[in-house]
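Here's the structure, in structure tokens; my notes come after.
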Amino acid sequence: MSKPLEGIKIIDFTHVQAGPACTQLLAWFGADVIKVERPGSGDVTRSQLRDISNADALYFTMLNSNKRSLTLDTKTPQGKEVLEKLIKESDVMVENFGPGALDRMGFTWERIKELNPGMIVASVKGFSEGHHYEDLKVYENVAQCAGGAASTSGFWDGPPTVSGAALGDSNTGMHLAIGILTALHQRNKTGKGQKVAVSMQDAVLNLCRVKLRDQQRLDRVGYLEEYPQYPHGKFTDVVPRGGNAGGGGQPGWVLKCKGWETDPNAYIYFTIQGHAWPPICKAIGKPEWINDPAYTTAQARQDKIFDIFATIEDWLKDKTKFEAVDILRKFDIPCAPVLSMKELANDPSLRASGSIVEVDHKERGKYLTVGSPIKFSDMTVEITGSPLLGEHTDEVLESLGYTPEQITEMHASRAV
Ligand code: CAO
């Protein structure tokens, strides 16, 4: 069966994580993604954090599956000529160079439009165009700090904390993919391409919108009732770090289970959903709390929420996180074990659903990667190994009309 994005050709001028995550997603869904890399070295992640010497690092392989690789020095006249030919016959160019790099290479938006008026040029930058920091180069944690994630994560008595989730990188790539698909849809109606841009700061902020909600509530009423600082602690005029508190209307916390003294992940996340109070009381052996006015409403519980969590922890002390969840699920209580990466890697459900897949790589052999989190009823997303550096250079050049002699000459001059 044909894949939804079959026929869409993408020049993948991306590197590291934010851009490659975007183009990888589009490649999974059928786009022909040609990764353009500098001859000799390629994407820096090919050699960063290697676990096998002389084989592409997992950092690269896990972000570049289903793509083709073309080596091209786009600062040489021949390299520029190849890129121009590619632009003429492609639908999308995705890039996440430092600010101004594409212009300095000679591929301004005006030039690209001239070559192909239907072209969609999609960019990731650290900050948006016109922003007072627009000249800055940005990596993951820089974006998490600039986008509001760090100031609102961690504990109130510790420093701002970044998340292990790639909120700045992969998240920005996912936003960009949505932008590209939107621009392609628009092009179907107008025939015209356009520029699509997502800044890492904006993509992080978009995921922090509940914290902007909280800032405005704090400005108005001076406290935030779902934060651990309420009602016994103090608020200032900025949204505080709330530790592991639930971010919505349901109080929640990470609670210790059997074995927490030696296993750093022997915990569950426990949520006290308002209408689930009676089942919670039954589950944890406190039926007397069901009709006790000191506990019946969320408001009544608020000032003793940590005593309630302590009671639940006492109930949890002889149960593993898996045993606890197996009991609590019968009571319809929103909860989950805190899973380590090792547990996730071996999770049979994630393997069965294709969310974690094993793929083959010419140099590495088999490796695990994260498969498509988006599931379709009419398509199974197949994940293939990432390309070796320049693996598809000759076939791409041939398809652009270059003769074998010209290709040999380009290799000799290191243009490819
Ligand atoms: N042929 C010739 N030159 C090439 C090339 C190719 N195939 N590919 C890249 N280059 C050149 C660029 O043109 C640029 O040259 P100039 O600076 O001389 O114009 C040069 O390589 C360096 O590019 P860069 O600025 O993108 O790379 P860097 O390693 O210095 O910075 C990063 C990396 C990620 C900080 C920067 O690209 C950036 O801020 N990108 C935008 C934000 C982003 O995506 N960050 C997330 C990265 S994932 O954590």
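The values are calculated or read from the model by the stated rules, or taken from the named source; none is laboratory data. These numbers come from a predicted model, not from an experiment. Cβ placement follows ideal geometry from the backbone for every residue including glycine, while neighbour counts extend to all protein chains displayed. Surface accessibility is based on the protein's heavy atoms, side chains included, excluding ligands, DNA and RNA. Shrake-Rupley method; radii C 1.70, N 1.55, O 1.52, S 1.80 Å.
The table for this structure:
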item	result
Fraction of accessible area attributable to carbon and sulfur, the chain (%, probe 1.4 Å)	54 percent
Gaussian network model of the chain, Cα within-10 Å springs - most flexible of D326, D43, D214	D326
S377 versus N265: modelled label distance in nm, points set 7 Å from Cα along the beta carbon direction	3.4 nm
FRET efficiency estimate (nearest 0.05) - Cβ-Cβ, S2 to K189, R0 30 angstrom	0.85
Kirkwood Rh and Cα Rg combined as Rg/Rh, the range 1-57	1.05
Volume per residue that the Cα convex hull of the chain spans, once the total is divided by residue count, Å³	182 Å³
Value of D in µm² per second that Stokes-Einstein yields for the range 1-158, Kirkwood Rh from Cα pairs, at 20 °C (1.002 mPa s)	125 µm²/s
1.4 Å probe accessible area per residue over the chain, in Å²	51 Å²
Loop GluC sites (Glu not before Pro), the range 306-393 (other Cβ atoms within 10 Å of the site Cβ: 12 or fewer; DSSP)	E363
Those trypsin sites (Lys or Arg not before Pro) in the range 215-303 that DSSP places in a loop and that have at most 13 other beta carbons within 10 Å	K234
Value at 222 nm in deg cm²/dmol, rounded to 500, when DSSP H runs of n ≥ 4 in the chain each add -39,500 (n - 2.57)	-10000 deg cm²/dmol
Förster radius 30 Å - calculated FRET efficiency between A412 and L49, Cβ distance, rounded to 0.05	0.35
Candidates per GluC sites (Glu not before Pro) in the range 88-171, loop by DSSP, up to 15 other Cβ within 10 Å	E129, E134
Cβ-Cβ FRET estimate between V238 and Y139, R0 fixed at 22 Å, reported to 0.05	0.30
The range 139-179 - percent relative contact order, Cα under 8 Å, separation 6 or more	39 percent
log₁₀ of I(q)/I(0) at q = 0.16, 0.27 Å⁻¹ - the range 309-386, Debye sum with one point per alpha carbon	-0.76, -1.26
Above-threshold pairs, the threshold being 22 Å between Cα atoms, out of K282/K319; K80/K137; K258/K342; K282/K317; K35/K80; K85/K362	K80/K137; K85/K362
